[in-house]
Structure formats: structure tokens, C-alpha cells
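Input: a single structure, listed below in C-alpha cells.
The values are calculated or read from the model by the stated rules, or taken from the named source; none is laboratory data. Because the structure is a prediction, the values reported are computed rather than measured. Glycine gets a Cβ as well: all are built from the backbone with ideal geometry, and neighbour counts include every protein chain shown. Protein only, heavy atoms only, side chains kept; ligands, DNA and RNA dropped before computing areas. Shrake-Rupley method; radii C 1.70, N 1.55, O 1.52, S 1.80 Å.
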Amino acid sequence: MRRWTRRELGGLTGAALLAVTSFRLARGQARPRVIVVGGGVGGATVARYVAMTGNNIEVVLIEPKTRYTTCFFSNLYLAGLRSLESLSHGYEALAGRHGITVIHEAAVSIDPAAKAVGLATGTRLHYERLVLSPGIAFKFDAIEGYDKAASEVLPHAWTAGPQSELLRRQLESMEDGGVFAIVIPPDPIRCPPAPYERASLVAAYFKQHKPKARVLILDAKDTFKQQDLFEEAWQRYYPGMIEWLPAQFTGGVKSIDVKGRAIRTAGDTFKAAVINVIPAHMAGDLARQTGLADKTGWCPIDPATFESTMQKDIHLVGDAIASGDMPKSAFSANSQAKACAFAIAAALTGAPRGPPHLFNTCFTFLAPEDAYSNAIVYRPQADKLKALHTFVNQVNEGPEIRQRVAREARDWYRAFTADVFGSSG
């Protein structure tokens, strides 16, 4: 695999977006309706970009929440480096600037035969094309003793909002000298480096406010992506503070004692003042209930159009899909959503459709002013998304490079969320 520079990848991204945003729908047609269920990064992006292709498509976005809080950058909130409000975004610009009908209700059913979405209020909406961006659901039965009720005591904080606030309060009230334990599930996982970023940034908080505290990582894996970058940073910034135990060492986490604040593995029991259990993932509930997921728990799609291979005229983007080499990340969802939007516009108008241009860029913090980034290009290949070109920061880079990446990450957040929601807040 060729290693590309970030500048080369940035040029490709700019060219791709210039090509797709120049597309416009033919005039003089009846307005077909595209319904988008889920107002996270994938859903908001696909709604915005379908609306931007022209004024001949009616776009309806169904999302029960009036504000969306990003999971990405929420580890900075846990470390006291950002407010939760700074990670919260509304849908006013999507409705006001782009003419999208935003319905703040829950979608509870989908009838693929009738091409209709049922809302919690009893309303049924019909569509020509449906896009689901349902995100993830948690396998609460994967670890004995850890169910949904337990997550209200030992938060996963893998959906940002009240869970993040609960975990932050627990970290703040923890006595100096206590242990913060993170239980990491097997892949695939939303934002693969995020658990290790969380360990790093919580350690940064401890270093300043609770210098005797420790971070314990109990991993379901034996290795993880960019492990060399994390381990070098842990040794440099937090010597003796972070302990990572792979599955081959512990035999895996077997049960959680919520009341006793204990984690039992195959060969030992670990007690901790604060326990952060991240459950194993699967596709969101509505996708599975509609028969869009296969036996893996994920939703297979045509990688060129993101149309479901299980149900015609239904597309899926984001964390719920079986995405091949493409990770479950916000930038992936955003890139997939744009490709999906233009595929839908082409299908509804008969306009020609070019190959999708798919990218992922990820910024990961190792310390408050030290971050690394990667950038990867993907192309549809057979029935999966295949990584073609990649750029990743390296261990031996100087501090000025990492500091610059940390600044770029904050600038990226502002620009990225503006692209998704049509505004900066």
C-alpha cells in the first residue's frame, strides 16, 4: 500500500468534493421524497447533500433529539478541556438554509413493501428512497452483570451526553490514588482509537489533579491500531500511570460486579473506583428490526451506492454498515453520506453517476497539546470498501509537529461540524 502525504490526500479530497458539488438535478420533474432517519453525522450530512443537489427532491430528516452531541472530541470533555455545550449542534440551518423538513420524533417502524416509515405518534410517511443512519446499539448481554441498568451506574459514555456527564462527575469525585478502569470490547468498534485516547486524556487530567491515580485498561484484543504511538506517549507523558492488559494476559473480562465496583477476568479480579465499560457493538435497533442486518449484526451494502443488499431502495451510512476496511468514524460517515446522496440523486433523475470518492481522516489526542492524525483513501472493490492510500503520523516526529496537529484538530472540528449541520453551532 502506497503511503501518501496529507497534502496529496487533501488535494484528492478537494477535487472529489468539487466534482460532486457541481452536480445539479434536472428541472421540471415531480418532487420525489427522500426520508433520512437518524440525525447524527451520517444522517445530517446525507440530508444536507441531497437537498444541495437541487430543488426537485423533498428531503425529510427524522431525529427525536433537538440537539446532537458529538462523540468525537467528547474525551476532551472528560478531561476538562472542553465543555459539553461546545460539542452540541442543532438542526436549524438544515431546515432554514436548505429547506429540509426536520421532524423531531422517533421512527419506530419501516415497511419496505409499502415504502413507509412509522413514527411514534402513529404518523406514516411514504418515501421513494430511504436512508438510515441508525448508529450502533450495544450488546448488553456480552458481559455477565453489565446490562442497560448497570450502564446508568457504570457508564459507557460511548454515546455523548448524559453518559459523558455521569462519567465526568465520577472522575471528578474520585479520590487521589484511585483506579479508573476501562473495559474495551472486540472489534469492530466505533472510532477504534478512541478508548486509548480516553485513557490518555483521563491520565492527563489525573496528572494535573490526582497525581497518584492510575488508569487500568482491560482489552478484549491483543493488539490495537497505532499501538506504538500510544505506548510511546504513555511512557513519555504518564510513566507508571497507565497499565494496558491484553486479552491473552487476562483471558478476557467475564463479569462485572456493579455494587462491588469489581471486574472479574478469567484469572483475576480487579477493583476500581471508577469503571468505564464499553460494550460490544452491533447495528442500531431499527436497522436490525427491519431486516437490514445479517448474522454478523451489521448491515451489508453496495459499496458504490450504499443501498442495502437486503432491501431495495433503502440506503445505510455510518457506524451500522459492514464497511470493509473503512472504520466506524464520524469522518467515514460523512464521506459515505456524500457518496450516498449523489447516488440517490442520480437514481431519482436518471443522471449519470460517477464512482464514489471516499476518505477517512482521524485526529487522536495523546495529550492536551499532542495529537496524531491519519488520512486514508477508499474505493469500492467487489462487495467491500478497500483502503488504497494512507498517511499516518509517526512515533519519531518532533513535538512541534504534534502540537500543530493538535491545533489542526480543533480547526477541523469547527469546519467539519459546519459541513455536517450547515453551521458552526
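Against the numbered list (1) under 17 Å from the mean Cα position of the chain (by Cα); (2) modelled with pLDDT of 95 or more; (3) not basic (Lys, Arg), SER323 comes up short only at (2).
In the stretch 127-141, of all residues being touching a residue at least 24 places away in the same chain (Cβ under 8 Å) and open to solvent by 60 Å² or more (accessible area, probe 1.4 Å), the one that is farthest from LEU286 (Cα to Cα) corresponds to GLU128. Which residues, counting only those in the stretch 331-352, are among the aliphatic types (A, V, I, L, M) and open to solvent by less than 20 Å² (accessible area, probe 1.4 Å)? ALA333, ALA337, ALA339, ALA341, ALA343, ILE344, ALA345, ALA346 - these are the residues of the stretch 331-352 that are among the aliphatic types (A, V, I, L, M) and open to solvent by less than 20 Å² (accessible area, probe 1.4 Å).
Note on the stretch 309-321: residues that are in contact with a strand residue (DSSP E or B) (Cβ under 7 Å, 6 or more places away or on another chain) and open to solvent by less than 10 Å² (accessible area, probe 1.4 Å) total 6. Here ASP285 passes the criteria (1) buried (at least 18 other Cβ atoms within 10 Å of the Cβ); (2) within 23 Å of the chain's Cα centre (by Cα) except the one numbered (1).
One residue stands out in the stretch 29-54 among those that are of a type in the set (A, V, I, L, M) and either more than 24 Å from the chain's Cα centre (by Cα) or not in a helix (DSSP H, G or I) (or both): the one that is farthest from THR123 (Cα to Cα), namely ALA30. For the stretch 73-126, filtered to residues that are within 23 Å of HIS315 (Cα to Cα), in contact with a helix residue (DSSP H, G or I) (Cβ under 8 Å, 6 or more places away or on another chain) and not hydrophobic (A, V, I, L, M, F, W, C), the residue that is least open to solvent (accessible area, probe 1.4 Å) is TYR91. Every test in (1) touching a residue at least 40 places away in the same chain (Cβ under 8 Å); (2) more than 26 Å from PHE331 (Cα to Cα); (3) surrounded by fewer than 19 Cβ atoms within 10 Å (Cβ to Cβ) is passed by ALA272 save one, and that test is (3).
The set of residues from the stretch 157-204 being at positive phi and open to solvent by 10 Å² or more (accessible area, probe 1.4 Å) comprises GLY177, CYS191. If you go through the stretch 398-424 and keep only what is in contact (Cβ under 8 Å) with a residue 24 or more places away in the chain, farther than 30 Å from GLY39 by Cα and of a type outside the set (Lys, Arg), you end up with PRO399, GLN403.
Pairs linking a residue in the stretch 217-232 that is over 16 Å from ARG198 (Cβ atoms) to a residue that is at pLDDT below 95, with Cβ atoms under 6 Å and 6 or more positions apart or on different chains, are ASP228/VAL395; GLU232/VAL395. If the condition is being of a type in the set (Val, Ile, Thr) and over 17 Å from the mean Cα position of the chain (by Cα), then the stretch 399-418 contributes ILE401, VAL405. Touching a strand residue (DSSP E or B) at 6+ places or on another chain (Cβ under 7 Å), small (Gly, Ala, Ser) and part of a loop (DSSP other than H, G, I, E, B), is that true of ALA293? Spelling it out, ALA293 is indeed touching a strand residue (DSSP E or B) at 6+ places or on another chain (Cβ under 7 Å), small (Gly, Ala, Ser) and part of a loop (DSSP other than H, G, I, E, B).
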